[in-house]
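As structure tokens, the structure follows; a few thoughts come after it.
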Amino acid sequence: MAVPCAFFAILEVALALAGVQPALLEDDPFVGFASRVPLFVEVEGEGGQVEMVTARNKRRMFNVQRFPKEKSPAAYRIFCVGGSTTYGRPYRDSTSFCGWLRALLPVADPSRTWQVINAGGISYASYRVAAVMEELAGYAPDLFIIYSAHNEFLERRTYGSILDSPPLLLELRRLLNHTRTYTGMKRLAAAALRRPAAPSPEKQVLPGEVDATLDGAVGLWAYTRDDVQKQRTISHYRFNLRRTIHTAESAGAEVLLVVPASNLRHCTPFKSEHSAGIAPSERHRWRVAFELARQHQAEARPDEALSALEEAAEIDERRADFHYLRAQALYDLGRFAEAREAFERARDEDVCPLRALTEMVGVVEEVAAEEDVPIVDFASFVADRSSHAIAGEELFLDHVHPTIEVHRLLALQMIAALVKMGIVEPQASWNEQAIGAVTRSVKAGIDRRAHGRALTNLARVLGWARKHEEAYRVALRALEFVRNSDTFTQAGMNALMLKKTDEAIAYYSEAVSMNPRNFTALNGLGNALMYQGRVDEAIPHLNRALRINPRYGLAHYNLGFAHAGRGEAEKAIVHYQAALRFDPDLAEAHVGLAEAYADVGRFGKAAKSARSAIALASAVGKEELAEAARARLEGYRARRAGRSAER
């Protein structure tokens, strides 16, 4: 046995000298990319030295970074890779954990020239991170800090039957992909056949840059429950986590893995879905019980909320919103261990999983142990600093992005890990006073207006996802940094969705006073006034919005609703039709149009509009609106039949 082992060992060394890399480092057997644009390009720096800078066509997804192509002997080069948390969202690099490391490391250990490069890409999943690391491996890295987990479900992927292979075969394939001999044999076989090595017919080719499902026309509602796909995605994540570690090791770099953490307590699920096979009548029963529970919880009666949820659970307990509401009730009752489990179940049952699942947290820990790689347990870190070990808004700005302070604390945890790894040798001057001085310096450099704009954009995104409680909190935080018309509009919009009409009117009014041509705020102000029954006051604001933007479908809808409330059905029809002309997917306008048609006795057209409303509302998960449209449809049919009988 020694002879063949020695032969293959010598062959591996020879192939390494010839520049052959193991297939694992060059290729992902599950996905490929239509193109690979370099993240960094060469430019001439000061003094004529060659520097690497972030390519212009990558700056939409990455921070602009710059470093010397040739690393000096005294330099220690750290690449931070991952998704938007590494990037520093919703802010930029300077307040990310990478920026904090760049500021803190020279104070902790001035014996080295620390080069910290933020290579975190917005919406980048592990398979894209692995591809980026292939490039970074050529830039003389000393250490990779990898925080990658939250974006695995952002892009639609298919796996065919690759992951359905027997476990023994999958393990054998994984081991072979570690060897240069296997890569060389594949190349020789392709050369003998006089054609390039063909990709697996089951291998999906993704676009060169992120094509997130959320960015499509239907967004969240393109997601449906698929437990098989979920497990395949987790398996692919495990594969790529190993791949990133081996890529780093092949470049002679060390690795530090970060165990992902997320907001549990103050993050409602992005999308909930019933189990397959639940009949419409049962869904209605479930909805009645759930709404009763929600009402009890809003009225500070968590014990009664739990009782109502028990009735809903007998019908279906896989909806994420069910577990989130149950978690809130348990928390209010002081049953904190049960509440944490329920919050985690809500995260794991989310049909649009934009937070790392519990199983994925375990994958990071398992792979780190298997590969003997150190970790920063960020999940435990935030739990230790959270009320009853349930992380919430005190640590996170949204579902996964930490506050600036938590980024700072994470950087300090990383430095502590680097000390244990023997990379950082802290000086005697490294103490709380030194850390405090760095902290004050970094915070003094914060651009408050830029941070306010970033939070305003975050509030807009959360509102689009119908997470109005979170969006409202973020908008109010944005107002602490910047007070402009756009930010007041976001605060008003989400206050109105939470039925805080007095606050909404105040915020919208301030937005309009700052910018009289803000048609979004004018429309919102009119809408808020209508919520209070002040229709006559609302109409002038809506008309002003339409004079500024005649193609604003939502303002046409609200004006139609206002005229309908005054019994002016024909005027309502005109505006509802205009709303649908400019915004064909506005299901609420179909419902309003149906009612207006019915008011003037045109029941055939009313029924047609109701059917359109049902189809659109069902497609985007507006179940209550779809149910209301169905009830109206039955009423129109009955009234039409009654008229025919009279005739």
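Here are the numbers for the structure shown:
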{"item": "Nearest-ten-degree value, helix 180-192 long axis tilted from longest Cα axis of the chain", "result": "80"}
{"item": "Anchor Lys69: lysines whose Cα lies under 20 Å away (excluding residues fewer than 8 positions away in-chain)", "result": "Lys58"}
{"item": "Per residue accessible area in Å² of segment 267-410, where ligands, DNA and RNA are left out and the probe is 1.4 Å", "result": "41"}
{"item": "Fraction of accessible area attributable to carbon and sulfur, the chain (%, probe 1.4 Å)", "result": "53"}
{"item": "Shape call, segment 42-131: gyration tensor on alpha carbons, a/c limit 1.5", "result": "oblate"}
{"item": "Residues Ala628 and Glu365, FRET efficiency given R0 of 35 Å [Cβ-Cβ distance, rounded to 0.05]", "result": "0.15"}
{"item": "Per-residue [θ]222 nm for the chain (sum of -39500 (n - 2.57) over DSSP H runs n ≥ 4, rounded to 500)", "result": "-18500 deg cm²/dmol"}
{"item": "Rounded, prolate or oblate (a/c below 1.5 giving rounded, otherwise prolate when a/b exceeds b/c) for segment 442-590 by Cα gyration tensor", "result": "prolate"}
{"item": "Gain in span if fully extended, Arg547 to Arg483, counting 0.36 nm per residue against the direct Cα distance", "result": "20.5 nm"}
{"item": "For segment 442-574: lysine pairs under 30 Å (alpha-carbon distance), excluding those fewer than 8 apart on one chain", "result": "5"}
{"item": "Efficiency of FRET between Glu311 and Asp599 - r from beta-carbon atoms, R0 41 angstrom, step 0.05", "result": "0.60"}
{"item": "On Cα atoms only, tilt of 485-497 relative to the major axis of the chain in degrees", "result": "60"}
{"item": "Amide H contacts of Val116 (H built 1.01 Å from N, under 5 Å, at least 5 apart or other chain)", "result": "Ile78"}
{"item": "Distance in nm between pseudo-label sites at Arg156 and Gln433 (7 Å out along the Cβ direction from Cα)", "result": "6.1"}
{"item": "Nearest-0.05 FRET efficiency for Phe8 and Gln295, computed from C-beta distance (R0 56 Å)", "result": "0.20"}
{"item": "Separation of alpha-carbon centers, segment 303-322 and segment 603-620, rounded to whole Å", "result": "30"}
{"item": "Unmatched cysteines, the chain - criterion: no other Cβ of a Cys under 4.7 angstrom", "result": "Cys5, Cys267, Cys352"}
{"item": "Linear extension gain, Leu498 paired with Asp372, 0.36 nm per residue minus alpha-carbon span", "result": "40.5 nm"}
{"item": "From the coordinates shown, semi-axes √(5λ) of the Cα gyration tensor in Å corresponds to which of (1) 63, 30, 21; (2) 50, 30, 25; (3) 61, 47, 21", "result": "(2)"}
{"item": "Relative packing of peptides 476-485, 588-597 - highest average C-beta neighbours within 10 Å first", "result": "588-597, 476-485"}
{"item": "Per residue value of the accessible surface for segment 469-584 (all protein chains in place, 1.4 Å probe), Å²", "result": "46"}
{"item": "Segment 372-482: C-alpha gyration tensor shape, a/c 1.5 cut-off, then a/b vs b/c", "result": "oblate"}
{"item": "Label-point gap, in nm, between Arg581 and Gln229 - each point 7 angstrom along Cα→Cβ", "result": "3.8"}
{"item": "Estimated distance in nm for a label pair at Val43 and Ser111, the labels positioned 7 Å out from Cα along Cα-to-Cβ", "result": "3.5"}
{"item": "Peptides ranked, highest mean first, by Cβ atoms within 10 Å: ranges 323-331, 446-454, 65-73", "result": "323-331, 446-454, 65-73"}
{"item": "Ordering of 514-523, 489-498 by burial proxy (mean other Cβ atoms within 10 Å per residue, highest first)", "result": "489-498, 514-523"}
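The values are calculated or read from the model by the stated rules, or taken from the named source; none is laboratory data. Computed from a predicted structure; not experimentally measured. As a convention, Cβ positions derive from the backbone with ideal geometry for all residues, glycine included, and neighbour counts pool all protein chains shown. When the accessible area is computed, the model is the full protein with side chains, heavy atoms only, and any ligands, DNA or RNA have been set aside. Shrake-Rupley method; radii C 1.70, N 1.55, O 1.52, S 1.80 Å.
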